[in-house]
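I have placed the structure first, in the form of structure tokens, so that the comments after it can refer back to it.
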Amino acid sequence: MKYSQGRIGRVFVLRLEDKDVIPDCIEKLAVEKQIRVAQVLFLGGIGAGHVVVGPRNTLDPQPEKMVIPVDGAHEIFAVGLLAPDENDTLILHIHGSLGRAGHTITGCLREGVETWLIGEVVIYEILDIAAKRLLDDKSGFKLLEVGN
């Protein structure tokens, strides 16, 4: 385990509107407000997009992702962590559970999903933290690296 200790900075509350795209709109706000690292909570509705639901083969060292479409309006709760990559590009890694008519999809929203009607977001900025998303040669993913 690796860790880095920080402190809470600013807190933002956002109202996303119909068809706002996650993670794009949150990453854009973070750039505008110069947020470097943050926890993100999302609550609301999703109407369209794609969710990564796992690797096809869990034994593959560079796993191929499985992606499924969001078909119609779903309720959602998601949590994520915003951090810069090696080029200081902010990346929101966010996973959520979406529900509709008794069926649930849980996965990563990185491929992009559109808000249906309204979305509520809370961003907790984390200050004085050493965190970056760096390319992992083994998996091919940009993984969170933290240090003291």
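A few comments on the model shown:
- If R0 is taken as 25 Å, the Cβ-Cβ distance between residue 100 and residue 33 corresponds to a FRET efficiency of 0.15.
- log₁₀ of I(q)/I(0) at q = 0.10 Å⁻¹ - the range 40-123, Debye sum with one point per alpha carbon: -0.26
- Rg over Rh [alpha-carbon atoms, Kirkwood Rh] for the chain: 0.98
- The range 61-148: chymotrypsin sites (Phe, Trp or Tyr not before Pro) in DSSP coil with no more than 15 other Cβ atoms inside 10 Å: 141
- Take the range 27-148 with all the other protein chains still there, run a 1.4 Å probe, and you get 55 Å² of accessible area per residue.
- Average Cα contact separation per residue, the chain, under 8 Å, 6 or more apart, as relative contact order %: 38
- The residue list 26, 83, 55 was ranked by how far each Cα lies along the charge dipole of the chain toward its positive end, using unit charges on Cβ atoms, and 83 comes out on top.
- Taking the 1.4 Å solvent-accessible surface of the range 101-148 as the whole, the part contributed by carbon and sulfur is 57%.
- Per residue, the chain reaches -1500 deg cm²/dmol at 222 nm when only DSSP H runs of four or more residues are counted, each adding -39500 (n - 2.57).
- Taking the chain as a Gaussian network of alpha-carbon nodes connected by springs under 10 Å, the highest mean-square fluctuation of the residues 132, 19, 65 belongs to 65.
The values are calculated or read from the model by the stated rules, or taken from the named source; none is laboratory data. Predicted, not measured: the structure shown is a model, and the values here were computed from it. Reconstructed Cβ throughout: ideal geometry from the backbone, glycine too, with neighbour counts over all protein chains shown. To get the accessible areas, we keep the full protein, side chains included, count just its heavy atoms, and leave off ligands, DNA and RNA. Shrake-Rupley method; radii C 1.70, N 1.55, O 1.52, S 1.80 Å.
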